[in-house]
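Reading through the structure tokens given below for one structure.
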Amino acid sequence: MSLLIKKGRLIDPATNYDAVVDILVDGEMIKKIAPKINRSGHELIDAANKVVVPGLIDMHTHLRQPGREDEETIQSGTRAAAKGGFTTICCMPNTDPPIDDPSLVEFIYREAERRGSVEVLPIATISKDRAGKDLSPMGRLKKAGVVAFSDDGDWVADSHLMRRALEYVKMLNLPLISHCEDRGLSQDGVMNEGYTSTILGLQGMPKEAEEVALFRDLALCKMTESPLHLAHLSTAESVELIRKAKVSGVRVTTEVTPHHFTLTDREVKSFDTNTKVNPPLRGSEDLEALKEGLKDATIDVIATDHAPHLVEEKEKEYNAAPFGIVGLETALGLVIKELVQTGALTLMEAIAKLTINPARILRINRGLVKEGAKANLTIFDLEKKWLVTEEEFFSKSKNSPFLGWELPGKVEWTIVGGKVVYQDD
Amino acid sequence: MGFKRKDLLGMEDLSKEEILFILKTAESFRAVLERPIRKVPTLRGKTVVNLFFEPSTRTRMSFELAEKRLNADVLNFSTSDSSVIKGETLLDTARNILAMKVDCLVLRHPSPGAPHLLAKKIPVSVINAGDGAHEHPTQALLDLYTIREKKGGVEGLKIAIIGDIAHSRVARSNIWALQKLGAEVRVCAPPTLIPPLVEKMGVRVFYSQEDALKEVDIIMMLRIQKERQNTGLLPSLAEYIELFSLTEERLSLAKPDALIMHPGPVNRGVELPAKLADGKRSLILNQVTNGVAVRMAVLYLLLGKS
């Protein structure tokens, strides 16, 4: 079966390409890209006035399976991904049980194959049982198909273990992903430490909890010369530390979430538990620094940290509610609204951080559009506004601080391996 | 000007006019407390539930008395006899109580924002009787009432709040309330018990009690939780007493007519010695009496006119 995508504006950051073209997909692959391809004999997508980009990649998703299938499953999470324009997502291993064994990796691949809408690439734990004590069987996990290692949700506090983990992955050529948080400093905090936490009487998590951890990780990354990726940066000082490290040649890459470049800790004044995330929403000066870090490539990737929780869990007192919000279905809209429409990034730069950049970090052959490549494509309307509502979410969970927001960038078609997995109606 | 709110959640969002209106209303209820029969029919037929998720003697008794003196029906609910242990959420507990047809919830809860959650989700009035370290609005109101009674007003007074500012809802509510009425507020504690950027609330920060007390009209001592010495916040209670306890010598640095307040319960010999707590410059028992009148006023303003 062949599919012809007609007259779309193709933006492919891998080759810095931006022009209106026709794209012919044959089977799973992109067969031809040309200014005009004859339409006869092909199924047609009219992409006139739409933007066509490589299928988006989210390298930080929580799918909750196995263990919390009430919150999300591979099935529901990948449907949400498709709706948000993501064709490849990497699932974090803080499941129950944690993904620290090849059999669990195989389970995820099997489940994604059977019920998933998009590609799922598992990330395995750094430490056995995510306990921060002994290394997980990284070599066997790589054979089973994981693309990275992370104890996300917890920092590997034992510096010796982290050093050995970084050394060990050199032989595997896969990145470690670190969640930088010194719990000695963040303690039982529930939000950013600052003026807002002071007036609300809520326990704060100082920015230094992230920065202290990040500084150690940078030192170990430099020492071992191993690939290290730092998850969800949230502070101005973190951006500055990484900027300097990159200048001095440290092999570090980083990501930021849409909520951290969109919201500040002032939102917590509502006591809406959908403002409770970890790392916490920070100050406006941090938000600006994150945008600058995106612009000057200190920050390589935009990742969602999609973290589904039930209404029952979130509809609680602020202290009692869990951290995290869903993000797959609002990410592209927030990127366009907060980064592209404000002029912080060009559309090309923004799309790079959702496609080729994570692909390069994960060493996967994705995130680009060329003849012979797998036909993972996202087609969206840059201008078209849509309203964020609970009812429209495909995710099982509805915990979003953006409910009621109007966002641009409506995803119209999501195509994985030549197959339309989401179509806007 | 009246009082048109459904709930009383905190002092931060009250206007000066609203505060003065509550205090004015409290004056007439204060007079009721001096009568031979200290009871009025104002809230007859109304039901108020006191929902206390933290231990409290003074505030709970004060609310209960205020409710009874307004002739409301009163139901008390506290963690020890609640279904919270069975895993029921706060919101479920509130909705269940509501299904029994009540008119007002008075909530004391360890989590900041708990009364705000209820106020948003349920249609009856919610009164915040203390939410974690966030706010305790009726305490600030009774403190304002007491200061006005003794000093004739609040405008222009210098007031020092001394003690664990970081963990105190009384401090936060009073910082907002006193400044709205024109007082100059100082806070004084070891740096570990001062919350970050508190000066942005408009107060001056002191680490030395001697400096903080200079020329002040009112000294508000806060209760120190003895647990604080085990969490790296204080080396020891003994050191705290040596540096921050109010003594007669320190008191002499304040204005000659300076008065002492304390939200209670007092750790005698810790925040201040018995001699000062019981002395003629202490307003501690006046605060307790006025608390009933102020809470009657709040209940009346929220429930009385519908």
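The values are calculated or read from the model by the stated rules, or taken from the named source; none is laboratory data. Note that the structure is a prediction, hence the values are computed from the model and not measured. We place every Cβ from the backbone using ideal geometry, glycine too, and count neighbours over all the protein chains shown. For the accessible areas, the whole protein counts, side chains as well, though only heavy atoms, and no ligand, DNA or RNA atoms are used. Shrake-Rupley method; radii C 1.70, N 1.55, O 1.52, S 1.80 Å.
Just to be sure, is B:F77 within 20 Å of B:V170 (Cβ to Cβ), aromatic (F, W, Y) and either touching a strand residue (DSSP E or B) at 6+ places or on another chain (Cβ under 8 Å) or open to solvent by 80 Å² or more (accessible area, probe 1.4 Å) (or both)? So B:F77 fails the test. Taken over region B:270-294, the residue count meeting the criterion of being open to solvent by 10 Å² or more (accessible area, probe 1.4 Å), touching a residue at least 60 places away in the same chain (Cβ under 8 Å) and of a type in the set (D, E, K, R) is 0. Scanning region B:222-280 for residues that are more than 23 Å from B:Q139 (Cα to Cα), assigned to a loop (DSSP other than H, G, I, E, B) and hydroxyl-bearing (S, T, Y) turns up B:T231, B:S236, B:T247, B:S252. Do we find that A:D300 is in contact (Cβ under 8 Å) with a residue 40 or more places away in the chain, acidic (D, E), under 20 Å from A:V340 (Cα atoms) and touching a strand residue (DSSP E or B) at 6+ places or on another chain (Cβ under 7 Å) in this structure? So A:D300 passes the test. crowded, with 24+ Cβ neighbours inside 10 Å and touching a helix residue (DSSP H, G or I) at 6+ places or on another chain (Cβ under 7 Å), is that true of A:E317? The answer is yes for A:E317. The residues of region B:189-221 that are surrounded by fewer than 18 Cβ atoms within 10 Å (Cβ to Cβ), more than 14 Å from every other protein chain (Cβ to nearest Cβ) and assigned to a helix (DSSP H, G or I), listed by number, are B:E210, B:D211. Entry remark, region B:96-139: residues being on the phi > 0 side of the Ramachandran plot and open to solvent by less than 10 Å² (accessible area, probe 1.4 Å) number 2 in total.
A:D151 meets all of the listed conditions (1) of a type in the set (D, E); (2) out of contact with any strand residue (DSSP E or B) (no Cβ under 7 Å at 6 or more places or on another chain); (3) under 23 Å from A:I302 (Cβ atoms) but one, namely (2).
Rundown of residues vs (1) among the small types (G, A, S); (2) within 14 Å of chain B (Cβ to nearest Cβ), yes/no style:
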{"residue": "A:A307", "(1), (2)": "yes, no"}
{"residue": "A:L310", "(1), (2)": "no, yes"}
{"residue": "A:E317", "(1), (2)": "no, yes"}
{"residue": "A:P322", "(1), (2)": "no, yes"}
{"residue": "A:V326", "(1), (2)": "no, no"}
{"residue": "A:E338", "(1), (2)": "no, no"}
{"residue": "A:Q341", "(1), (2)": "no, no"}
{"residue": "A:L345", "(1), (2)": "no, no"}
{"residue": "A:E349", "(1), (2)": "no, no"}
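The residue that is nearest to B:Y207 (Cα to Cα), among those in region B:155-176 that are more than 14 Å from chain A (Cβ to nearest Cβ) and surrounded by fewer than 24 Cβ atoms within 10 Å (Cβ to Cβ), is B:K158. Assuming B:L142 fulfils every condition listed in (1) more than 26 Å from B:L285 (Cα to Cα); (2) surrounded by 19 or more Cβ atoms within 10 Å (Cβ to Cβ) apart from one, which condition is it? Only one criterion in (1) more than 26 Å from B:L285 (Cα to Cα); (2) surrounded by 19 or more Cβ atoms within 10 Å (Cβ to Cβ) is unmet by B:L142, namely (1).
Scanning region B:228-241 for residues that are surrounded by fewer than 17 Cβ atoms within 10 Å (Cβ to Cβ) and touching a Leu at 6+ places or on another chain (Cβ under 9 Å) yields a single hit, B:Q229. Here A:Y195 meets each of (1) in contact (Cβ under 8 Å) with a residue 12 or more places away in the chain; (2) of a type in the set (S, T, Y); (3) within 14 Å of another protein chain (Cβ to nearest Cβ); (4) surrounded by fewer than 22 Cβ atoms within 10 Å (Cβ to Cβ) with one exception, condition (1). B:Q225 falls short of the stated requirement of being touching a residue at least 40 places away in the same chain (Cβ under 8 Å) and open to solvent by less than 10 Å² (accessible area, probe 1.4 Å).
Among the residues of region B:111-122, those identified as touching a residue at least 60 places away in the same chain (Cβ under 8 Å) and not hydrophobic (A, V, I, L, M, F, W, C) are B:P115, B:H116. B:G182: more than 14 Å from every other protein chain (Cβ to nearest Cβ), more than 23 Å from B:P265 (Cβ to Cβ) and outside any helix (DSSP H, G or I), yes or no? Criteria met by B:G182. Taken together, the residues in region A:138-182 that are open to solvent by less than 20 Å² (accessible area, probe 1.4 Å), farther than 22 Å from A:T235 by Cβ and in contact with a Ser or Thr (Cβ under 7 Å, 6 or more places away or on another chain) amount to 4. Please work out which residue is nearest to B:G232 (Cα to Cα), limiting yourself to region A:163-192 and to residues that are touching a residue at least 24 places away in the same chain (Cβ under 8 Å) and among the acidic types (D, E). Across region A:163-192, the extreme among qualifying residues is A:D182. Counting only residues that are open to solvent by less than 20 Å² (accessible area, probe 1.4 Å) and within 14 Å of chain B (Cβ to nearest Cβ), region A:281-305 holds 2 of them.
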